[in-house]
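Participant: Take a look at the following structure, please.
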Amino acid sequence: MATESTSTNALSAHPSAAPGALRWPGVLRQVAIWGLPAVLVLLFLVWPYQQWDFGKRESILTGWARWVSAKADWQFCLVVPALVGWLVWMRRDELRKLPWEGDWLGLLPLGLGLFFFWLGYKADTGYPGFLAVQFILAGMILLVAGRAWMRTLFFAWLFLFFTWPMQPLEDSLASPLRPKTASMAASLLNLAGVPSVSEGSALQSAPDNARGIEIGSAFSLDVDAKCSGINSLFALMMISALLGYLALRRPRARLLLFACAIPLAVAGNVVRLLLLVAGTLMFGSEFAVGRRMGDHQEMSLYHTFAGFAVFGVALAGMFALCWLFEGREMKTNLKRHGRLSSSSAAFAIPLPRRTLRQLAAALLLPLAALGVCAATDISFHVSEPGVKLALPLTVADYQGREFDMTAQEKNLLDEGVKLARSVYASSTGRQIMATVILSGFVKRSLHRPEVCLPNQGWTVTDRTPIPLRLEDGREITMMMMRIFRDTEPQPGVRIRTRALNFYWYVGSDGVTCPDHYEHILLSYFDSTFRNIQHRWAMASIYVPLPEQRVGQEDPFIELGALEDARGFIAKLAPQFMLKESDRLTGSDLPVSAP
């Protein structure tokens, strides 16, 4: 470092050498300004990365833009890059004053980002690609420009994370938020003198046996995923982060405001539920909620406008918190972002030779990573399934009857999906429906029961992992869901149908797991590092409980059904889950995605 600095000073001392020395920074700036964006465009906009629709591969940004544009709940992601550009533009005068003092530490995030890029390319999934964008950008900034630049751009870099739709978080966070939202709404209604009860994600009017009023007779709402706060949560988190950055100075205040986005989103949805209850009580369910047409819920205009309460309550809460944290200083904080000095200083490059080496590394390493991707085998070879699509007609004292896939299921399921289904009845009157669904040759062709069942009118009250030892000695863990739905066969009479639904996933090598996202992660891990392309199957066991009047359910009926189901599954599962000796070796069949 000292040698280079001395050499640079010596050059400036001789007029004949000075012009060449002055050209160094200009050349490096031009290479960085044109070369680094060109590499980023090649990586993320040109290179065919993932089969977003199971057809030809598309680049990360092309597939992202098309997917987000089609999902109304995630379209806010489209404005995030523009906001990031605005945040950088606001700091442009400060950036001009910072020298380019690259740090070789930038090789760590750059290398990590390139690894994520290859990982997503090999596993054919976009989420590692999203991480690759973030880490490669951080690596380039740190490697070429240095730590001062990274500190100045750190918030803009963090804010860029809101560009990426985190759909797995949507499902994992929605489940715990739904019953909490219903419970909070029920508590507030009771305080207001409106008797209410909640069960799982269901919010209903309370029964009054003395007056002959049944549960849910006045109103009955189900807090589905759209009313759980999660659809607005990510947008509100983005707004809270931006508002905190602009209006607040203290980091602790910014973090508190950002953390409050979650309870504020839930509070907004509680208000939305209260508005729906008030509309139902005053004008009826069809006006307040809408009409159910088959398996589809047609949302009323009142229901739609009630949804704006989420943002109204949340935004009001955010501004109130900002005022609480920093009060009148908010205006000063907002104005400081608009100040620009008249400085026209160019970026200084104190050590041009070192910067040249760092710039070369930032340009060549991504190109080398593309070479590795080009040499990576990404052909799709689906393995033999770990189940056989044949259910026995007799299981212990249960006698079965086969049922084929319905026309509606054929329309809903992806191409290549197959199933075997039988309904069993025992001598004691217990009925159980067993279904084994085999995925097609495309990704994620098995849908989550938690998504399908609410669309069929069921309310899921909870999910519980249940360990089970099968009759042949193997051990599995299955997911048990308690579900119910209410019907009103005649005015004033509400009947509740309850059921237990068990399911688990079976991979090509016999691996099992009870969770949807766990089987997806296993797919990506095994396809990348073990060269196993699972053809997953899902086993689903449905145990209906006797219909009963709402509010008069017998809890011991469910306990008996649970024990019967465990014994039945322990005997049935070994008959369709293949053992290691049953599976053929070397039978991977190459197929192309449709």
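The values are calculated or read from the model by the stated rules, or taken from the named source; none is laboratory data. Here the structure is a predicted model, which is why all the values come from computation and not from measurement. Note that we place each Cβ from the backbone using ideal geometry, even for glycine, and neighbour counts take in every protein chain shown.
Participant: Does at least one position in the range 316-338 carry a residue that is at pLDDT 75 or above and of a type in the set (Val, Ile, Thr)?
Facilitator: Looking through the range 316-338, none of the residues is at pLDDT 75 or above and of a type in the set (Val, Ile, Thr).
Participant: Pick out the one residue from GLU471, GLU475, GLU450 that is surrounded by 12 or more Cβ atoms within 10 Å (Cβ to Cβ) and modelled with pLDDT of 85 or more.
Facilitator: The unique qualifying residue is GLU471.
Participant: Pairs please, first residue from the range 19-38 and closer than 17 Å to ARG357 by Cα, second anywhere and at pLDDT below 85 and of a type in the set (Gly, Ala, Ser), Cβ atoms under 7 Å, 6+ apart in sequence or on different chains.
Facilitator: Partner pairs satisfying both residue conditions: ALA21/SER12.
Participant: Return the residue satisfying two criteria in turn: it lies in the range 277-288 and is surrounded by 16 or more Cβ atoms within 10 Å (Cβ to Cβ) and touching a Phe, Trp or Tyr at 6+ places or on another chain (Cβ under 8 Å), and of such residues it is modelled with the lowest pLDDT.
Facilitator: ALA288
Participant: Would you be able to tell me the number of residues in the range 514-535 that are over 23 Å from LYS571 (Cβ atoms) and touching a strand residue (DSSP E or B) at 6+ places or on another chain (Cβ under 6 Å)?
Facilitator: Adding up the residues that qualify gives 4.
Participant: Right, next: Return the residues of the range 515-557 that are farther than 23 Å from ASP124 by Cα and not hydrophobic (A, V, I, L, M, F, W, C); say none if nothing qualifies.
Facilitator: Scanning the range 515-557 gives SER540, TYR542, PRO544, PRO546, GLU547, GLN548, ARG549, GLY551, GLN552, GLU553, ASP554, PRO555.
Participant: Pull up the range 373-414, narrow it to residues that are acidic (Asp, Glu) and modelled with pLDDT of 90 or more, then point me to the one that is farthest from LEU114 (Cα to Cα).
Facilitator: ASP397
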